[in-house]
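The structure appears right after this line, and notes come after that.
The numbers here are math on the coordinates, done by the rules we state, and not lab data. None of the values given here were measured: they were computed from a predicted structure. We place every Cβ from the backbone using ideal geometry, glycine too, and count neighbours over all the protein chains shown.
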Amino acid sequence: MVLGGQTLALCLKNFSKIEQLIGYTFKDKSLLERAFSHKSYSSQSYEVLEFLGDCVINLLMVELLIDKFPAKSESELALIKSFLISSEFLAELAEYLELDNFILVKQKKEEISQSVLADVFEALFGAIYTDSKDIKTVKEIFKNLCETKIISVIEEERYKKDYKTLLQEFSQQKWRERPIYRVVSVEGPEHEKTFFIECSIKGIRAIGIGSSKKRAQQDAAMKVFEAIQKDIQGGD
Ligand code: MN
């Protein structure tokens, strides 16, 4: 076992490093340990803290968005939010904060997946909330650590780049299903083809149009994604 050599003292030293990094001292250190413990390492693992942290991060992201980008429409905010809470981006934040150095896993460090990184990021905030019982404290820490990064990502409009990935992540998470793409027709002469591709998931469908299959798929994914967001906002 890789962690065989990792003594308790080293773990405790690591904990104080994390506390320094986030600027918060835990009253209950076991919460901090739990937030970083993968189930391969300990039966006291991060799942429940991650579950709570998921909600906390949701709230913090939405609040930050409304605060910093008041001019954006609701549907654009929804699009940005879904990017910000994707495991891809949460894993990026975890790496940005170098949390990967502290994760307690049985397997080798280089095998830590994107989803584990994202989970630990969520669990950490779940742990801070549980320990402090104060959302203001959590918000302060979140702002100090992540705000600059989040704002730059939004300003670069990275969330706009790939609707296909976005829709897939969203539908996997919500329904455990992937959207289906189907070529409906191809029109026009050889060098000026126009592709019509249908995207569908859970009975929601739209046709995307583009000069390549890829573009038509992106267009269709965007339309379906927006239709789902409207549906959610309009109440079930
Ligand atoms: Mn998660």
What nm value, rounded to one decimal, do you get for the distance between T165 and S212 when each label is placed 7 Å out toward the C-beta? 1.6 nm
For the pairs K27/K139; K106/K149; K27/K136; K160/K193; K17/K139; K72/K164, note any where the Cα-Cα span goes beyond 28 Å. K106/K149
Amide H contacts under 5 Å for A206, placed H, 5+ residues apart: C199
Please compute the length gained on full extension between E47 and S185, using 0.36 nm multiplied by the number of residues separating them and subtracting their Cα-Cα distance. 45.1 nm
Expected sort for 34-41, 139-146 on mean C-beta neighbours within 10 Å, highest first, is 34-41, 139-146
Kyte-Doolittle at least 0.5, axis length at least 27 Å by Cα - qualifying DSSP helices, the chain: 47-68, 114-132
Suppose the chain between S132 and S115 were pulled fully straight at 0.36 nm per residue; how much longer would it get relative to their current alpha carbon spacing? 3.5 nm
Which length gain, in nm to one decimal place, applies between Y96 and K68 when the Cα-Cα distance is subtracted from 0.36 nm times their residue separation? 8.0 nm
Ranked highest first by average number of other Cβ atoms within 10 Å, how do 180-193, 44-57 line up? 44-57, 180-193
